[in-house]
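Peer 1: Quick one: the structure is below, questions incoming.
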Amino acid sequence: MIIAKENTLIGFIGLGVMGKSMALNLIRAGYQLMVYNRTQDKASELLEAGAIWAESVRELAQVSNVVITMVGLPSDVEEVYFGDGGILACAQSDAYVIDMTTSQPTLAQQIYNTALEKGIHSLDAPVSGGDVGARNGELSIMVGGDVDAFNAMLPIFNELGTNIVFQGKSGSGQHTKMSNQIAIASNMIGVCEAIAYAKRVGLDPRKALQSIDKGAAGSWSLTNLAPRMIEHDYRPGFFIKHFLKDIKIALEVSESIDLYTPGLNLAFELYEKLSENGEDSSGTQALFKMYDDQVYGQFEDDNE
Ligand code: NAP
């Protein structure tokens, strides 16, 4: 059943790079929002736009018809759903809870099973499209759970994204996101090597990019992240610590199903090295530092 917008209070938890823009889009679409974040400062723009601040997950979960979470790590998801005063202990029966964090498929299934016992509808709905997609309401949203719950939440998803696909039973959204991250992992290496090659042979890398991002090599990373690499702009976007978290989940699942993933393994090795060199809070495009002559030399020295 679709609940009318005017009767819907959405509780939104996690107001970082992605969550803040997504919550703003829901307010602009006319939804009433209650928000909570570990660091309160990050809510200021949303409060100015009309959102109500909740003092705790408990307060938010007790009154919301729909709870959306966009926190960082699986441990954060566990805390907000299963912790003392967590969502599953406090939400109304018949509420909808949607975890849009990139997290473990098995955790999505645990949330679904516990929610089911309490009459709460649960969906896993991770996203792709980056900071740009979140700001523009153009995310790709991959959803797992019950189809009736998906249909009920579709008007909300439509305010956040443009490519919304129901993938099947609980956990399927997270599995689809892992497939997405596996594609990105090897692609990021290709993008770095393409730009490093263009520079080394004396091309203007900006001009080379004009040609190659429109052809068969085109990808989101090439279009959106290669320009940041060329300008040495390593601000996040998408944190390296979060990408490493995704790669680890994808590797764990792949191992458990005996899947051969040499591309993913190499990406893990390179991003681990960046993490060891203090790059956890840089954007994923900082992989280019390993290909950039000067900085790469420095990395080599650091690791001796
Ligand atoms: P982020 O900027 O770190 O945002 C996460 C937010 O969740 C932070 O503001 C954090 O609070 C808050 N949080 C964490 N645990 C909490 C808790 N227990 N209670 C309340 N708030 C809590 O990360 P992001 O870039 O928005 O990414 C969010 C998720 O989406 C990640 O799983 C990421 O992998 C995924 N994702 C990101 C992108 C991207 O391009 N950025 C794209 C697709 C998917 P603090 O402010 O205190 O740290």
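Peer 1: Scan the stretch 119-145 for residues that are farther than 25 Å from D246 by Cβ and surrounded by 15 or more Cβ atoms within 10 Å (Cβ to Cβ) and jot them down.
Peer 2: I120, H121
Peer 1: Among I10, I3, I98, I52, which is the only one that is at pLDDT below 95 and of a type in the set (A, V, I, L, M, F, W, C)?
Peer 2: From the options I10, I3, I98, I52, the qualifying one is I3.
Peer 1: Would a scan of the stretch 35-52 turn up a residue that is touching a residue at least 40 places away in the same chain (Cβ under 8 Å) and surrounded by 20 or more Cβ atoms within 10 Å (Cβ to Cβ)?
Peer 2: Among the residues of the stretch 35-52, not one is touching a residue at least 40 places away in the same chain (Cβ under 8 Å) and surrounded by 20 or more Cβ atoms within 10 Å (Cβ to Cβ), which makes the answer no.
Peer 1: Shifting gears a bit: Just checking, which of E6, E55 is more than 8 Å from the ligand (Cβ to nearest atom), outside any loop (DSSP other than H, G, I, E, B) and either without any contact (Cβ under 8 Å) to a residue 24 or more places away in the chain or not hydroxyl-bearing (S, T, Y) (or both)?
Peer 2: Selected residue: E6, the only one of E6, E55 that is more than 8 Å from the ligand (Cβ to nearest atom), outside any loop (DSSP other than H, G, I, E, B) and either without any contact (Cβ under 8 Å) to a residue 24 or more places away in the chain or not hydroxyl-bearing (S, T, Y) (or both).
Peer 1: Report yes if L203 is modelled with pLDDT of 95 or more and not in a helix (DSSP H, G or I), otherwise no.
Peer 2: Against the criterion (modelled with pLDDT of 95 or more and not in a helix (DSSP H, G or I)), L203 qualifies.
Peer 1: Which one of these is surrounded by 16 or more Cβ atoms within 10 Å (Cβ to Cβ), in contact with a Pro (Cβ under 7 Å, 6 or more places away or on another chain) and of a type in the set (A, V, I, L, M, F, W, C): A208, A198?
Peer 2: A198
Peer 1: Further question: Restricting to the stretch 152-162, name every residue that is in contact with a strand residue (DSSP E or B) (Cβ under 9 Å, 6 or more places away or on another chain) and under 19 Å from T101 (Cβ atoms).
Peer 2: Those that are in contact with a strand residue (DSSP E or B) (Cβ under 9 Å, 6 or more places away or on another chain) and under 19 Å from T101 (Cβ atoms): M153, I156, F157, L160, G161.
Peer 1: Right, another one. (1) over 20 Å from L160 (Cβ atoms); (2) more than 16 Å from the ligand (Cβ to nearest atom): which one isn't true of D41, the others all being true?
Peer 2: So D41 meets the others, but not (2).
Peer 1: So, in the stretch 60-88, of the ones that are free of Cβ contacts under 8 Å to residues at least 24 places away in the same chain and in a helix (DSSP H, G or I), which residue ends up nearest to S128 (Cα to Cα)?
Peer 2: Result: S75.
Peer 1: Moving on. Being closer than 24 Å to L139 by Cα, more than 8 Å from the ligand (Cβ to nearest atom) and of a type outside the set (A, V, I, L, M, F, W, C) narrows it down to one residue among S93, S103, S21; which is it?
Peer 2: S21
The values are calculated or read from the model by the stated rules, or taken from the named source; none is laboratory data. This structure is a prediction, so every number in the text was calculated from the model and none was measured. Virtual Cβ from ideal backbone geometry, glycine too; neighbours counted across all protein chains shown.
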